[in-house]
Amino acid sequence: MSISICPACGFSAPDTDDPTHAYMSPSAACWAMYGEVLAREFSDADYYRSHRLLTDAYCAQHSIGPDRRARQSIHIHLAGLILHYHDGVSGPEIVRFLKTAARRSDFPRISAPAPDGSVTIEQIYAAGNADEHASAVDAYASKVLAFWEHEHPRIRALIEKVMQ
């Protein structure tokens with residue numbers, strides 16, 4: 001059995017022929033595990049409270065391709081993480097920001113940090129209950145944001161433009 005390594009996060013798992021995302025860059029195994037975590041969130045309100053943060057973190061980590069939609073995704077989801085962690089903005093306000101930011105067209109390519117396999121969806125998948133899930137999502141999201149620290153000034157500029 002061959003092993004696949006997710007090019008975006010370094011998650012290692014047996015290779016599958018499962019589908020992947022249209023413009024993000026997860027491996028099929030990584031994308032499938034994220035789907036299982038999302039199913040858990042959508043089936044239990046206690047898990048769902050972490051959904052916005054998980055979505056921003058996963059998309060920021062896995063939108064590494066040259067496609068315009070991937071560039072847009074990484075910019076707006078990194079902005080969501082910055083708004084959450086640096087500015088204390090809440091979920092509904094972040095969603096409003098993301099909708100406004102997504103209408104822009106100026107999303108230059110940014111260089112992704114090299115994945116090292118230390119921050120993957122696997123830690124969230126392994127959570128045993130909703131509180132552990134929330135804690136794992138918070139740890140994951142803060143680490144994803146830290147990996148992109150070299151792009152924070154560019155993302156902060158986007159936030160300032162959109163909020164004018």
Look at segment 45-80 and say how many of its residues are crowded, with 23+ Cβ neighbours inside 10 Å, more than 17 Å from Ser25 (Cβ to Cβ) and within 9 Å of the chain's Cα centre (by Cα). 1
Got a number for residues in segment 35-49 being assigned to a helix (DSSP H, G or I) and closer than 21 Å to Tyr85 by Cβ? 4
Here's a check for you: in segment 85-125, which residue that is of a type in the set (Asp, Glu) and under 28 Å from Gln164 (Cβ atoms) is modelled with the highest pLDDT? Asp87
Is it the case that Arg52 is basic (Lys, Arg) and part of a helix (DSSP H, G or I)? yes
For segment 89-105, which positions are over 21 Å from Glu149 (Cβ atoms), out of contact with any His (no Cβ under 9 Å at 6 or more places or on another chain) and not aliphatic (A, V, I, L, M)? Pro92, Glu93, Arg96, Lys99, Thr100, Arg103, Ser105
Within segment 7-40, can you find the residues that are in contact (Cβ under 8 Å) with a residue 60 or more places away in the chain, crowded, with 19+ Cβ neighbours inside 10 Å and either under 19 Å from Arg71 (Cβ atoms) or charged (D, E, K, R) (or both)? Ala8, Cys9
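The values are calculated or read from the model by the stated rules, or taken from the named source; none is laboratory data. What you see is a predicted model, and the numbers here were worked out from it, not measured in a lab. FYI the Cβ positions are ideal-geometry reconstructions off the backbone, even for glycines, and counts take in every protein chain you see.
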